[in-house]
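Since the structure comes first, as structure tokens, the remarks are kept for the end.
Only the coordinates and a few stated rules stand behind these numbers; no lab work does. All values derive from a computational prediction rather than experimental measurement. Quick reminder, even Gly has a Cβ in these numbers, built from the backbone with ideal geometry, and neighbours come from all protein chains shown.
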There are 2 protein chains.
Amino acid sequence: TPREENNVESSSVCAAEAANTIPASDTAPAGFLGNLLVVPMDGSHWVGIKAIAEEMGRRGHKVTVVIPEISVRMGPGKHYETVTFPVPYDKAHLDFVMAVHKDVLRKSTQSFIQNIKAKYSQIMRITGFIHTTAESLLFNDSLISHLAQQNFDAVLTDPMIPSGSLIARKLGLPTINLLRGIPCSLDMKSAGCPSPPSYVPRFLTKYSHVMNFKERTVNTLVALLEPLLCRLMYWYFDQIAYRFLGEEVGVAEVLSESAIWLLRMDFTLEFPRPIMPNVVLVGGINCNVRNPLPEVILCSWLSGEHGFVVFTLGTMVSDLPEEITSVLLEAFRQIPQKVIWRYTGKVPDRVPENVKFMTWVPQNDLLAHSGARAFITHAGSHGLFEGLCHAVPMLMMPLGGDQPDNAERLASRNAGLVLDITTISTESLLQGLNAVINDTRYKENMKKLSALHKDRPVDPLDLSVYWTEHVMRHKGAKHLRWAGRGLNVLQYFSLDVIALLATVVLVFVILLVKCLKLFIRKVGRKRKQE
Amino acid sequence: TPREENNVESSSVCAAEAANTIPASDTAPAGFLGNLLVVPMDGSHWVGIKAIAEEMGRRGHKVTVVIPEISVRMGPGKHYETVTFPVPYDKAHLDFVMAVHKDVLRKSTQSFIQNIKAKYSQIMRITGFIHTTAESLLFNDSLISHLAQQNFDAVLTDPMIPSGSLIARKLGLPTINLLRGIPCSLDMKSAGCPSPPSYVPRFLTKYSHVMNFKERTVNTLVALLEPLLCRLMYWYFDQIAYRFLGEEVGVAEVLSESAIWLLRMDFTLEFPRPIMPNVVLVGGINCNVRNPLPEVILCSWLSGEHGFVVFTLGTMVSDLPEEITSVLLEAFRQIPQKVIWRYTGKVPDRVPENVKFMTWVPQNDLLAHSGARAFITHAGSHGLFEGLCHAVPMLMMPLGGDQPDNAERLASRNAGLVLDITTISTESLLQGLNAVINDTRYKENMKKLSALHKDRPVDPLDLSVYWTEHVMRHKGAKHLRWAGRGLNVLQYFSLDVIALLATVVLVFVILLVKCLKLFIRKVGRKRKQE
């Protein structure tokens, strides 16, 4: 009968299903191609953002990067489009702003007052420049309305300069942040990561996570001053936010809405601290972003038996005061290694044969070469992670920002040495170079640290791209956002609840004491009456 | 000349290197095969541990699992060895201990006092059983010294019962913990994760992360009671620890030395909270641990057009009081779906045609089948994650432990409904089944949650194996361990520093006031003299 046939058929389908291997679970998300807006920061901050933008584009997403007409190093790429916006300054002014970093190096030859003045003028020039650039972007109405029409899925930005975060809020888009950290801990505060000053060392203190009472006191004081520092750093941006968004909302509140925080941080160097589930650690993001080395350097400079030393002081410092340069050259003259020096200033006379000046160096590719013996660096986070990735011992000359802390972290692991560039001598440099190159302990420690740093389940660039796509797929990551945002300080620390409980206990104790007194008095009276 | 030739040769080597593609960075760790000791817990806790043990063995590591001779479900596997130890009880006693769970279900027909008695006797019987098993393992000297000679690299364990953690300490081995969580938050406390009661809801409260003042007060009270609960839960194990280790160290301190915490937790369900870097989230670890379904079930029970309902109440409850069973059967008789019911008790009379009793069900494989329409569950964490993984809406009947909280979490996302099994009626069950099966909102919400749950960079089982191997490769994960362990409560909350700062401010204010008073008095006198 047809019925029976049907049954047989269904049964054989069953049998086939039963015999079949288990159907693969769809853990891997379906192919999704989206539309990403990128608002980057200049200088070394550009490196990681560019890496993500390129990789997102390579995977088929539409990626639009918004950059000013004039910049230090931001520019077009293979896999993303750029949209430029006009700025009211020219390249000469940009060079002038960048040159301030050199002035600060003249510490030893200047008076204390001159130093303070140089530092102050440096900060004012740079912040003025940052604000001008941000306003040129945010108040470019035609650009902003053009961006509003592009149906972006998300914004990738470095919130240290919160222009991208403000655009995201205006356009109602979720934000992915990539950053090293904000000095006043605004990143941790906005993401909701508790930072107990008892074991989370603060910026600039150079402390580790184990502190004695004095250190904890200083650390707590710095922690208490952080909100003030945040105010100072962002008061002008708060004004920009009011004007741009047309609502009474500041930078801190805008940042606390971020979907994902990609932090260029790694516990091989940093000290363990609490983080929230939307904080993803991607320290070493550009370790595997590599290009072949130019043949000319490779053959003339890297193939010697003694290897070579890489020397860069970052994007911001491209040349040095003459007196420092000559001290350094004198030391380099006395070592057998070749020295590749990133230097854009006037090439001095009498350069030793083993020193090569280059206006730009492929730093990560050089460090990845097996001949790299030492890395002389300002201990900026990118250089630090690149040296760590390729296990090259370091001689560190921190200049400012997070660099002194970075240098201290690595030095405390005995994988490098710290020198003060403003008081450097040929002897101290020679001594330092000799130690990191010839004392095998530095190399050994560096190798162990490097192995630990690289032993993680997902490459940091892939992880960054993954979470960027995750946010685009799900239109945010609301399920990862902490509820503490809605609480004021009293509520957050449960001080209101503690006050209530303390009051209840106090009232109870008072009543108890009164009752006891009454009781004792009564008993006393009774006894008297007896 | 030979020299020139040499040069040419070296240059051509260089050229070859330059032309070459970039050498691959060794991000992937080198092949490492180690030796892992596994000390599991019984019941549903066994599922995740077994999955990791099997996968570690499959990858070529030597895996030794230590289990008691008599257990509910622990046993041998394909890829690991088992070592059994004798216990002073038999299978009948084990069944007797497990049977207590059934008594607790008779709530509606018992008085309050009877309920409390049942609950108390349940707890006493189970804890007595746990302590006996632990002592049989730890004080089996020949077994412990046998284990000490095996050169293990690490211990994988569920620290809810800390036998494995104590063995790890005795043998000087790093520990990987896999667990759902410890009710008194000892896991979070030991790992160093801050748990502000203002937005981290406590066990048993059923609160979300957004709480009003009353809820925050209750939550804070529960938080304040947690240390007491930990004492109660672990005081006997503290005694065992002293005896076994021969040092004055308790369970809390032993656990705080753990290398990695694999938490079966996921922020699709849980609320965002701070975690430390050695806490790895692996909720849904057994989602992809799958086997083909037996042909006999597949064809007779799963192929109907109306699909089927899976009904299990976990390892601990295998049969039910008769009055509840008949209520449930009456409801199942009235639905078109087939019902697969895990049930080991006496099969009742008059079982409807669409109900199949099975003494064991391949729960995850059944839920993965496209015919699964609903999952009636006690809302244990494994079942919850399996239902979530395969997007099956749930009807939840929590019995105890973390189950009421689990059920509330899922119900608050409108992906399931909660019923009280002790007061259940045929109508309420029918209503519930009708809602989760026929109201598409539940299925839709479940699908969204499921997609979010599965959208993560690494499969949780692979991630667990990765971190287990990481600990074995590096002989621990010391760089991830928090420094707060060494601090007492006053220091941790910086109360000593705050007291000092407050004193300084107070002294300063007092001095200022005194000076002002003196000054005013002097001025006053002068005026008088004038």
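Residues whose amide H falls under 5 Å from that of A:V418, counting only those 5 or more places apart or on a different chain, are A:M396, with hydrogens built in the peptide plane.
Taking the alpha-carbon centroid of each part, what is the distance from the stretch B:162-177 to the stretch A:373-443 in angstrom? Between the Cα centre of the stretch B:162-177 and that of the stretch A:373-443, the gap is 38 Å. Working note: Karplus 6.51/-1.76/1.60 with θ = phi - 60° gives the stretch B:219-230 the couplings 4, 5, 4, 4, 4, 5, 7, 4, x, 5, 4, 4 Hz, where Gly and Pro are set to x. Here the contact order of chain B, divided by its residue count and restricted to Cα pairs under 8 Å and six or more residues apart, works out to 14 percent.
Distances between placed amide hydrogens fall under 5 Å for A:F85 paired with A:I67, A:E69, all partners being 5 or more residues away or on another chain. Where both bridge residues fall in chain B, DSSP classifies roughly 0% of the beta bridges as antiparallel.
Let me make sure I get this right: for the stretch A:295-454, a, b and c are the square roots of the gyration tensor eigenvalues over alpha carbons, sorted descending. Under 1.5 in a/c it's rounded, otherwise prolate if a/b > b/c, else oblate. Which is it?
Rounded, because the longest to shortest axis ratio a/c is under 1.5.
Listed by chain and number, the lysines whose C-alpha is less than 29 Å from the C-alpha of B:K62, apart from same-chain residues fewer than 8 away, are A:K447, A:K448, A:K454, B:K50, B:K78, B:K170, B:K475, B:K478. From helices alone, chain B scores -15500 deg cm²/dmol at 222 nm; the rule is -39500 (n - 2.57) for each run of n ≥ 4 DSSP H residues, then divide by the residue total. Here the 3J(HN,Hα) profile of the stretch A:156-162, calculated from phi with Karplus coefficients 6.51, -1.76 and 1.60 at θ = phi - 60°, is 9, 8, 9, x, 4, 10, x Hz, Gly and Pro shown as x. Remark: the stretch A:252-260, residue by residue, has Karplus-estimated 3J(HN,Hα) of 4, 5, 4, 5, 5, 8, 4, 7, 9 Hz, where x stands for each Gly or Pro and the curve is 6.51 cos²θ - 1.76 cosθ + 1.60 at θ = phi - 60°. In this label model, B:K517 and B:K119 are separated by 5.8 nm, measuring between points 7 Å along each Cα→Cβ vector. Here the stretch A:202-216 is scanned for amide nitrogen atoms under 14 Å from the site 7 Å beyond the Cα of B:T503 along Cα-to-Cβ, giving A:213-214. With the Cα gyration tensor of the stretch B:375-434 giving a ≥ b ≥ c as the square roots of its eigenvalues, does the rule (a/c under 1.5 for rounded; else a/b larger than b/c for prolate; else oblate) give rounded, prolate or oblate? Taking the square roots of the gyration eigenvalues as a ≥ b ≥ c, the stretch B:375-434 is oblate. For the stretch B:213-335, the square roots of the Cα gyration tensor eigenvalues, ordered a ≥ b ≥ c, give a/c of at least 1.5 with a/b greater than b/c, which places it in the prolate category. One Cα centroid belongs to the stretch A:74-91, the other to the stretch A:498-530; the line between them spans 77 Å.
Once you keep just the Cα pairs under 8 angstrom separated by 6 or more residues, what percentage relative contact order results for the stretch B:245-300?
32
Would you grab the residues whose amide H sits under 5 Å from the one on A:V339? Only those 5+ places off in sequence or on another chain, please, with H modelled 1.01 Å from N. Amide H to amide H, under 5 Å and 5 or more residues apart or across chains, A:V339 pairs with A:V309, A:V355, A:K356. Look at B:K78, A:K189 and count the other Cβ atoms within 10 Å of each Cβ; fewest to most, that gives B:K78, A:K189.
For the protein assembly as shown, the C-alpha radius of gyration sits at 1.08 times the compact-globule guess of 2.2 N^0.38 Å, with N the residue count.
Extents of the stretch A:117-224, taken as max minus min of Cα coordinates on every principal axis and listed largest first, are 56, 37, 18 Å.
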